[in-house]
1. Among the residues of region 20-68, what is the count of those that are part of a helix (DSSP H, G or I) and farther than 17 Å from Phe120 by Cα?
2. Report every pair of residues separated by at least 6 positions or lying on different chains whose Cβ atoms are under 6 Å apart, first residue within region 10-39 and over 13 Å from Leu69 (Cα atoms) and open to solvent by 70 Å² or more (accessible area, probe 1.4 Å), second modelled with pLDDT under 90 and of a type in the set (Asp, Glu).
3. Here are some residues: Leu69, Leu115. Which one is open to solvent by less than 30 Å² (accessible area, probe 1.4 Å) and either touching a Ser or Thr at 6+ places or on another chain (Cβ under 8 Å) or at pLDDT 80 or above (or both)?
Amino acid sequence: MSLRICPYLMMNGNAREAIRFYEQALGAEVIGIQAYGDLPPNPNMPLPPEARELVAHAMLKIGDTELMLSDCLPSHGQPWQSGSQVTLCITSPEPDRTRQVFEALQQGGQTICPLCEMPFSPLFGNVTDKFGVNITVVTDVPQGIML
């Protein structure tokens with residue numbers, strides 16, 4: 001039941017540029033990139049055409065460390081603001097542990113996205129804890145599926 005924690009960078013529409021930069025500057029290996037346009041459409045939150053190529057999720061490997069990136073979607077209540085670019089991503093191998101961690105972190109904090117199923121994970125949620133730290137909690141997916 002071990003947890004993994006890695007930094008998750010929220011970008012202002014320039015995630016692809018940041019990925020290229022980290023490839024060159026740090027020798028990062030791109031594990032995967034998924035655009036918002038690649039995700040199943042959500043009729044309750046239609047995606048603006050200009051957001052289709054923005055990065056919904058990317059994972060890089062830098063040495064022994066993982067780094068995740070995503071572009072914010074202001075049209076979906078995800079405004080980008082300086083100082084809030086770094087989020088912690090806590091990954092659990094088991095949904096029950098994901099729920100436990102999420103519930104503990106939301107105590108005294110604010111739920112941004114309740115736990116829900118996503119195309120890349122059986123459970124995904126965002127919370128700002130009582131100290132103002134932005135945290136994403138996610139259940140790991142089987143090897144070979146891009147998270």
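The values are calculated or read from the model by the stated rules, or taken from the named source; none is laboratory data. None of the values given here were measured: they were computed from a predicted structure. For neighbour counting, all protein chains shown are included, and Cβ atoms are generated from backbone atoms with ideal geometry for every residue, glycine included. Just the protein is used for accessible areas: all its heavy atoms, side chains included, with ligands, DNA and RNA removed. Shrake-Rupley method; radii C 1.70, N 1.55, O 1.52, S 1.80 Å.
1. 10
2. Nothing qualifies.
3. Going through Leu69, Leu115 in turn, the sole match is Leu69.
Residue by residue, here is whether (1) at pLDDT 85 or above; (2) open to solvent by less than 80 Å² (accessible area, probe 1.4 Å) holds:
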residue: Gln106; (1), (2): yes, yes
residue: Phe131; (1), (2): no, no
residue: Val141; (1), (2): no, yes
residue: Ile145; (1), (2): no, no
